[in-house]
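Working notes, structure below.
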Amino acid sequence: MECIRMIAPRQLKFVNEEEPVLYGDEQALVNVAYTGICGGDMHPYLGESLSAKYGNIHGHEFTGTILDIRSNKRKDIRVGDKVVINPAIPCGKCTKCNQGLGYICEDCKVIGGELPGSLCKKIVVPVRSLHKLSEDTSLLDGVLIEPLAFAEHCTAGLDGQTIVILGQGPIGISCTMVAKHKKCKVIAVDIVEGQLEVSKKVGSDFTINSRVADPVASIKKIIDENGIDSIIDTVANSWSIDFSMQILNKGGIITFVGIPCEIIKVDFLKLVCREISIKTRYLYTDKEFSQAVNYVDKGIIDVTPLISGVFPFEKAQEAFEFKAENACMKVVIHNDG
Ligand SMILES: [Zn+2]
Ligand SMILES: [Zn+2]
């Protein structure tokens with residue numbers, strides 16, 4: 001079976017590996033259809049990751065169809081069904097897992113992270129990670145469910161608030177979409193006009209190009225006397241933290257959701273004196289993943305503005321290069337075999 005390994009910055013290698021088969025109960029063999037390229041895949045590709053390990057098979061945002069299944073627990077899923085996979089695989093036994101908090105289980109492993117990912121033709125996954133897609137949901141749209149699940153987690157508890165979302169790449173836009181569904185007023189900040197155009201299309205109330213206008217002054221002009229209590233930071237660098245501290249009310253919260261590519265310097269004196277908290281986000285609960293499936297299955301959120309390009313499996317390197325060279329939304333790799 002063909003797989004793609006990232007062997008060095010800007011180098012993908014197609015390799016032939018053993019055909020995967022079910023080796024235990026409560027497993028399914030999935031014919032991979034689409035894999036989305038994530039920022040988490042791009043950082044090592046561009047050689048800018050702080051923790052890159054090379055030689056792995058990437059891909060954690062993916063859909064496919066069931067080729068084989070061995071399960072007593074998932075009678076709802078059959079061969080031929082369209083599925084999306086929650087790539088976070090917690091142990092399922094510890095206290096956190098029992099509380100439904102598998103995303104912070106100490107033994108949680110991620111497909112496409114610690115475990116081999118979906119940049120291959122077929123993959124074996126535990127049946128508990130399967131989410132069935134409705135007949136009407138396309139496998140392409142389904143690939144945007146994982147970013148929406150993350151956005152669901154990032155926006156938890158923010159319903160109805162006025163929030164600033166820093167960065168309008170795929171994660172920022174996903175957060176904007178989910179926040180609008182949660183009746184937030186969204187002020188979106190980015191430096192790329194094209195991303196801000198998408199942001200407007202998906203409903204952000206104000207967009208600010210921080211290269212063109214001073215973002216602090218612009219935001220202060222927009223907000224009322226209640227100010228801003230919450231910022232979602234997808235930019236994740238020293239500038240963005242400092243910027244957030246200038247905008248937030250005392251007691252405000254920075255929801256820090258980007259993967260930093262630098263050791264970030266934080267002026268803790270400012271943070272402490274204003275009692276500002278930094279909350280980080282990395283994964284999501286399975287319930288949040290189900291909610292994201294619901295958004296797409298029921299047509300509550302239209303994910304088409306999130307897709308910038310689809311490349312065939314054989315052209316995966318071109319897909320990564322396209323993403324590297326263009327400030328764009330999600331680039332997706334399609335396996336039609
Ligand atoms: Zn991702
Ligand atoms: Zn656990």
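Let's see how each residue does on (1) farther than 24 Å from ARG128 by Cα; (2) within 16 Å of ligand 1 (Cβ to nearest atom); (3) among the aliphatic types (A, V, I, L, M); (4) open to solvent by 40 Å² or more (accessible area, probe 1.4 Å):
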| residue | (1), (2), (3), (4) |
| --- | --- |
| ARG10 | yes, no, no, yes |
| LYS13 | yes, no, no, yes |
| ASN16 | yes, no, no, yes |
| GLU19 | no, no, no, yes |
| VAL30 | no, no, yes, no |
| TYR34 | no, yes, no, no |
| ASP41 | yes, yes, no, no |
| ASN56 | no, yes, no, yes |
| GLU61 | no, yes, no, no |
- prompt: Is it true that LEU140 is more than 16 Å from ligand 2 (Cβ to nearest atom), among the aliphatic types (A, V, I, L, M), in contact (Cβ under 8 Å) with a residue 60 or more places away in the chain and open to solvent by 10 Å² or more (accessible area, probe 1.4 Å)?
  reply: yes
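Go through LEU46, LEU50, LEU67 for me and flag whichever is open to solvent by 50 Å² or more (accessible area, probe 1.4 Å) and in contact with a strand residue (DSSP E or B) (Cβ under 9 Å, 6 or more places away or on another chain). If you could, list the steps in order and put the result at the bottom.
Working: LEU46 fails: in contact with a strand residue (DSSP E or B) (Cβ under 9 Å, 6 or more places away or on another chain); LEU50 fails: in contact with a strand residue (DSSP E or B) (Cβ under 9 Å, 6 or more places away or on another chain).
None of the others qualify; the one that does is LEU67.
Of SER199, SER244, SER240, SER230, which residue is touching a helix residue (DSSP H, G or I) at 6+ places or on another chain (Cβ under 7 Å) and of a type in the set (Gly, Ala, Ser)?
Details: SER244 fails: touching a helix residue (DSSP H, G or I) at 6+ places or on another chain (Cβ under 7 Å); SER240 fails: touching a helix residue (DSSP H, G or I) at 6+ places or on another chain (Cβ under 7 Å); SER230 fails: touching a helix residue (DSSP H, G or I) at 6+ places or on another chain (Cβ under 7 Å).
Step by step, each of SER199, SER244, SER240, SER230 is checked, and only SER199 is touching a helix residue (DSSP H, G or I) at 6+ places or on another chain (Cβ under 7 Å) and of a type in the set (Gly, Ala, Ser).
Looking at VAL186, VAL125 in this structure, which one is open to solvent by less than 10 Å² (accessible area, probe 1.4 Å) and not assigned by TED's automatic domain parsing to the domain that holds ILE259?
Working: VAL186 fails: not assigned by TED's automatic domain parsing to the domain that holds ILE259.
Going through VAL186, VAL125 in turn, the sole match is VAL125.
Have a look at VAL216, VAL212, VAL272 and point out the one that is assigned to a loop (DSSP other than H, G, I, E, B) and more than 21 Å from CYS154 (Cα to Cα). Give the derivation first.
Details: VAL216 fails: assigned to a loop (DSSP other than H, G, I, E, B); VAL272 fails: assigned to a loop (DSSP other than H, G, I, E, B).
Answer to the selection: VAL212.
Please determine, by comparing only the residues of the stretch 279-329 that are among the aromatic types (Phe, Trp, Tyr), under 17 Å from the mean Cα position of the chain (by Cα) and assigned to a helix (DSSP H, G or I), which one is farthest from TYR103 (Cα to Cα).
Applying the filter and picking the extreme gives PHE320.
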For ILE253: the one exception among (1) aliphatic (A, V, I, L, M); (2) under 18 Å from the mean Cα position of the chain (by Cα); (3) at pLDDT 95 or above: (2)
query: When ALA236 is evaluated against the numbered criteria (1) open to solvent by 50 Å² or more (accessible area, probe 1.4 Å); (2) in contact with a Gly (Cβ under 6 Å, 6 or more places away or on another chain), which criterion, by number, is the only one it fails?
result: (1)
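The values are calculated or read from the model by the stated rules, or taken from the named source; none is laboratory data. Only a predicted model underlies this, so the values are computations on that prediction, with no experimental measurement involved. Note that we place each Cβ from the backbone using ideal geometry, even for glycine, and neighbour counts take in every protein chain shown. Ligands, DNA and RNA are excluded from the accessible area calculation, which covers all protein heavy atoms including side chains. Shrake-Rupley method; radii C 1.70, N 1.55, O 1.52, S 1.80 Å.
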